[in-house]
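Asks: First, the structure itself, so that you have it in front of you.
Readers should treat all values here as calculations from the given coordinates under stated rules, not as data from a laboratory. The shown structure was predicted, so the numbers you read here are calculated from the model rather than taken from an experiment. Cβ placement follows ideal geometry from the backbone for every residue including glycine, while neighbour counts extend to all protein chains displayed.
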Amino acid sequence: MSQTARSDPQVEITAHRDESEGAKQEPAQPAALPDEVIQAFVLPPMRSDLDVHEGPSNNDGAPTWALHDPVRNQFFRIGWSEYEIIRRWPQGNGLAIAADINRNTTLSISPEQVLTVKAFLEQNQLLQVHDDEAMQRIVAAKKGEKKSKLNWLLHHYLFFRVPLVKPDRFLSRTLPYVRFVYSKAFLIGLLALAVLSLYLVARQWDTFVSTFTYFFSLKGMLFYGLALFFTKVIHELGHAYTCKRYGLKVPVMGAAFMVMTPFLYTDTSESWKLKDKKQRMAIGVAGMAAELIVAVVATLLWSFVDDGPLRSALFFIATVSWVMTLTINASPFMRWDGYYIFSDWLGIHNLQDRAFRVARWWMREKLFGLGEPPPEELPPHTVRTMLVYSYGTWIYRFFLFLGIAVLVYHLAFKLLGIFLMAVELVWFLGRPIWNELKEWWSRREQMKWNANVLISSALLAMMIGAMAIPWRTAVKLPATMKPEVFTRIYAPAPGRIDEVLVGEGQKVQAGDVLLKLTAPDLQRDIAETKAAQVNQYSSECEHPLLCEIERAD
């Protein structure tokens, strides 16, 4: 398993100081307003290390931009109005910025919208800090982010990352040597190689599908581990080199752990700088494509290698490894390669968060008919796509987290396993349900009797009734059937059954022989007793011949 560590843009708005505007302009403060009003709209300067990049257009054609915070390597998506506010940020006053935008563009901006952008910048620490009050807010926010060691362990034992290397220089130096992989000629050659590999394997198909795995020995396990590690390194290099091909930086590569199972990851967050969504999709696909290339080569080599651990490792790479990768990484329901590919294909950034908000709103409307406006205005087909994606993700994650809970229960000793399973179920399954129930409770004043509420109440009553009605009237339990009146027969001594003289269901009378027993212990005791008597009698006779005559008499 591997992962592309590419986070969604953190929010929908941000700000950036446009250096092309030249030196800082003097605030154009309206003289007619009182000083205290003007002072309320004074803006602190932004951080000078931020940069902004033109992004792709939304599905409705509206332009977007991406703000990059290089310190935390985070990206923020903004729209046209936010960008116009940012361009004029050096003016230093929200009143002046709003007036300038309204005068020189077709937008209609209020000073309060400028303050909304300011609040966002403060929240994400994108403004310069010069006063004690702002510093206190940052310190308080950092303290709020800190968790106890136990709290951290509970939240991160399922998944955490460990950065290992900064590969950007290495990738820049070696990119010329692998650039041929992206050529059309290489693709044609790879297809020809794949056809040749399949032809050679088809000639030995029975041998191929019954390849004996040598992984049950120390040497075999070593080959298996090396094969798995090799394919995952190639997978991550596929992401990394594709990033470098588009002129992006790859700040870190490392290992991540899910339920203490390690896998590799590559930070490709800089892909948000790309305007073309096809290029971002290419970065997401590159890892799986790299594994397919390795699988083709492994299939060819399998035909020329003798039986042994190496051939088994090639068989694993050619069959199991890339299938596992496609099954896991291609799924859009977890934030791995498939999710970002799907998000870019739809042209919906922050797909998961936005889709979940729409799905929760839709569910509340269908259940209670609250009449609330949707979280955002979207075309009907986009809403349908988000609903299908959201409910598919919730169902997928329900069974995934349930499976992980069972897994951690069996991996740990019972006391710890029960505790970790409870944490898993409460945190990942119970907490989201509880949060939604709290949202319902907070809207109880808005809930009126209408068709939606009546239908929801009727369905709930039917579900409760279905659970309460005893649909099954019989209980299956293990039991032994026996006659109402019966007699136990005991042998007078321990023995072995030699013959049974009656059959099942046969009627018998008093005195009938039911079975014959042989008692070896009793026969041995009789024989020993007789032998002892003979020896005693022989010792008492003075003349053996007379004793024999007397015995005969």
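Asks: Which whole-number percent is the relative contact order of the stretch 64-122 (Cα, under 8 Å, 6+ apart)?
Replies: Once divided by the residue count of the stretch 64-122, the mean separation gives 23 percent.
Asks: Please report the relative contact order for the stretch 351-468, taking Cα pairs under 8 Å with a sequence separation of at least 6, and give it as a percent rounded to a whole number.
Replies: 32 percent.
Asks: May I ask which of 244/278; 232/414; 244/273 have a Cα-Cα span longer than 23 Å here? All intermediate terms of the calculation are to be shown ahead of the outcome.
Replies: Numbers: 244/278 15 Å; 232/414 33 Å; 244/273 13 Å.
As for pairs spanning more than 23 Å Cα to Cα, those are 232/414.
Asks: Also, I was wondering about something else. At 7 Å along the Cα-to-beta-carbon direction for both residue 479 and residue 40, put a label point, then send me their distance in nm to one decimal.
Replies: It is 8.2 nm.
Asks: Sorted by packing (mean other beta-carbon atoms within 10 Å per residue), highest first, where do 364-375, 46-57 land?
Replies: Highest to lowest by the protection proxy: 46-57, 364-375.
Asks: OK, next. Roughly how big is the stretch 201-308's charge dipole about its Cα centre, with Cβ charges of +1 (Lys, Arg) and -1 (Asp, Glu), in debye to the nearest 20?
Replies: 620 debye
Asks: Within 10 Å of each candidate Cβ there may be at most 13 other Cβ atoms; applying that plus a DSSP loop requirement, which trypsin sites (Lys or Arg not before Pro) in the stretch 371-455 survive?
Replies: Here the trypsin sites (Lys or Arg not before Pro) that fit, given the DSSP loop and packing criteria, are 443, 448.
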